[in-house]
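What follows is a single structure, written as structure tokens, with notes after it.
The values are calculated or read from the model by the stated rules, or taken from the named source; none is laboratory data. What you see is a predicted model, and the numbers here were worked out from it, not measured in a lab. A quick note on method: Cβ atoms are made from the backbone with ideal geometry, for glycine too, and the neighbour counts reach across all protein chains shown. We work out accessible area using only protein heavy atoms, side chains counted, and drop any ligands, DNA or RNA first. Shrake-Rupley method; radii C 1.70, N 1.55, O 1.52, S 1.80 Å.
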Amino acid sequence: MKLISKNIWVILFSMIIVSCSSQGKNSFKAKKIYESKALIITQISENSFIHTSFKQTNDFGNVPCNGLVVKDHHETIVFDTPTHDKSSEELIQWINEKLGAKVKAVISTHFHDDSLGGLMAFHKHNIPSYAYAKTIELAKENNFVIPENSFNDSVVLKVGDKDVLAKFFGEGHTKDNAVGYFPSENILFGGCLLKELEAGKGYLGDANVSAWPNTVEKVKKEYPDVKIVVPGHGEYGDGKLLDYTIRLFKGQ
């Protein structure tokens, strides 16, 4: 009886060790892997990287602006360009040389220059660009560089063997703000629709404040398994960013 009991404890102990070691393999510690005056790149998972560039504003100072790069095999897709062509060129060069990958497409999530301000650099490299139809309409109205390919509701692209999604859920920060999703790693790029924790409301010049929380509710319902959430500005996190953004604009 004692021998059986001892064997059970040995088995349980072995299972705990295996469980801990597998958790260690699955966990990823984010790290900054590139930095210049114009561009910072932070790896947040095995195949996903936040690119951060900067926009000088009158009201908010020099604002860091996030985009996302997702990778599979030797291909990448970029959500939102850096704010200028020069920093976009820097990002494209880094992807080509350091990741050993090509940029298969760029997706702009809204018409502001922290989303498509560096689009011309991508076009010069013959990289296809995508955006929600309203984004293209607003880019034309404002004489901005115009994304080449439009989608009416959502689009699914391939990076390597993996799906990459972009979808419009409703108005909020702008009339056209879409979000991106990388299902294989459950990463949501919320762009300027989503706020970092403890953030203020930010620029509201093109916003639909009353629709904003309902739009984020739809995003939350669509992606219940999300693990990492990247906002347009500030620190990334998890699903709490969706809840925070909803609370921030409730009752407006």
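Order 118-126, 138-146 from most to least packed using the mean count of other Cβ atoms within 10 Å.
Order by mean packing, descending: 118-126, 138-146.
Beyond 30 Å between alpha-carbons counts as too far, so tell me which of LYS31/LYS158; LYS140/LYS227; LYS32/LYS158; LYS98/LYS240 fall in that bin.
In this structure, LYS140/LYS227; LYS98/LYS240 exceed 30 Å between Cα atoms.
Please compute the net charge surrounding ASN47, taking Lys and Arg as +1 and Asp and Glu as -1 over other residues with Cβ under 11 Å from its Cβ.
-2
Determine the relative contact order of the chain: mean sequence separation of Cα pairs under 8 Å and six or more apart, normalised by residue count, in whole percent.
Contact order relative to length: 13 percent.
Quick check: pseudo-label points 7 Å beyond the Cα along Cα→Cβ at ALA133 and TYR203, how many nm apart are they?
Taking the two extended label points, one gets 2.6 nm.
Taking the Cβ of ILE246 as the center, what net charge do the other residues with Cβ under 15 Å away carry, scoring Lys and Arg +1 and Asp and Glu -1?
Counting the neighbours of ILE246, the net charge comes to +1.
Can you grab the distance from the C-alpha centre of the range 144-198 to the C-alpha centre of the range 91-124, Å, no decimals?
The range 144-198 and the range 91-124 have Cα centres separated by 14 Å.
Hey, which of these cross-link pairs are over 23 Å Cα-Cα: LYS86/LYS201; LYS124/LYS195; LYS29/LYS86; LYS104/LYS124; LYS195/LYS250?
LYS86/LYS201; LYS124/LYS195; LYS29/LYS86
For volume of the Cα convex hull per residue in Å³, the listed values are [x] 192; [y] 206; [z] 156; which was obtained by calculation from the structure presented?
Among [x] 192; [y] 206; [z] 156, the one derived from this structure is [z].
With a probe of 1.4 Å, find how much accessible area the range 85-159 has per residue, and write the answer as a whole number in Å².
47 Å²
Ranked from highest to lowest mean number of other Cβ atoms within 10 Å per residue, what is the order of the peptides 76-83, 62-69?
So the peptides 76-83, 62-69, ranked by packing, come out 76-83, 62-69.
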